[in-house]
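The values are calculated or read from the model by the stated rules, or taken from the named source; none is laboratory data. The model shown is predicted, which means the values in this text are computed figures rather than measured ones. In this analysis, Cβ positions are derived from the backbone assuming ideal geometry, glycine residues included, and neighbour counts consider all displayed protein chains.
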Amino acid sequence: MSESGHEVMDAYYNDRLKKRIGDTWASAMRCQDGDDWDQCSSPDHVYHPYLKILDENLPHKNLKMLEVGAGDGSETRMFLDHGYTDITGITVGRKNVDRGKALHGVDLLYMDMHFMDFPNESFDVVIGFQTYEHSMAPLLLGLEFNRVLRKNGRIIMHVPTGVAHMPPENNPHHLNVLEQWQAKSMFMRSGFSNIKIVQCTSEMMYIYGEKRGSGEHNNHFNDIVNGKFLT
């Protein structure tokens, strides 16, 4: 964009519009908070499908992991009990932080997964189970995942697929439900390589990808996340 173009955009995106955008985003995220909803349990004799996905795709259990959409921490607790040693869970559920501590003994962080407070390259793995589909901006979300991952970091997203999950009358909280080719394209655009998509059931799949290099892929989306065009 030319310098004059930047000046026009700066003038248009004044403080009033920025506040409107921020308030709209915050309102939309509040309706996705998962308070009093998320619950995951795995009896001792059951090998939960989420555990199977992690075990099949991660080399060991001592990686520094970020769980987005951690809900009330029940999944986080399950992963810890299974032997994963270093997990940070984030949630936008206001009640979930307290419930995570009281019910499952985990310390969750109240944070928007699209705009996280973590420094660049903070984690080895980013995981999310039935979370990605709640994003209004999946491309920006993928770029944020890329930002907080270290070189050769891995991403695993378990998501619903198929038309049954998309109509608003069925589930108003599922904002982007992707078919396999769409998911692969979205993760490639977010800077991930070695992408594989595994169909778990007729309505569920998981997406696996790896961050190669520093994230400098062949587009400028990562520059957007890092604010390059605001300078």
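Quick look at the values:
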read-out	value
Test for M136: is it at pLDDT 95 or above, surrounded by fewer than 24 Cβ atoms within 10 Å (Cβ to Cβ) and not in a strand (DSSP E or B)	no
Residue match in region 5-15 (condition: modelled with pLDDT under 90 and under 22 Å from the mean Cα position of the chain (by Cα))	no
Residue within region 29-40 that is surrounded by 10 or more Cβ atoms within 10 Å (Cβ to Cβ), touching an Asp or Glu at 6+ places or on another chain (Cβ under 8 Å), within 15 Å of D81 (Cβ to Cβ) and modelled with pLDDT under 85 present	yes
Which listed residue, of G162, G69, is under 22 Å from I195 (Cα atoms), at pLDDT below 95 and surrounded by 17 or more Cβ atoms within 10 Å (Cβ to Cβ)	G69
Candidates G215, G191, filtered to the one that is modelled with pLDDT under 85 and either surrounded by 17 or more Cβ atoms within 10 Å (Cβ to Cβ) or aromatic (F, W, Y) (or both)	G215
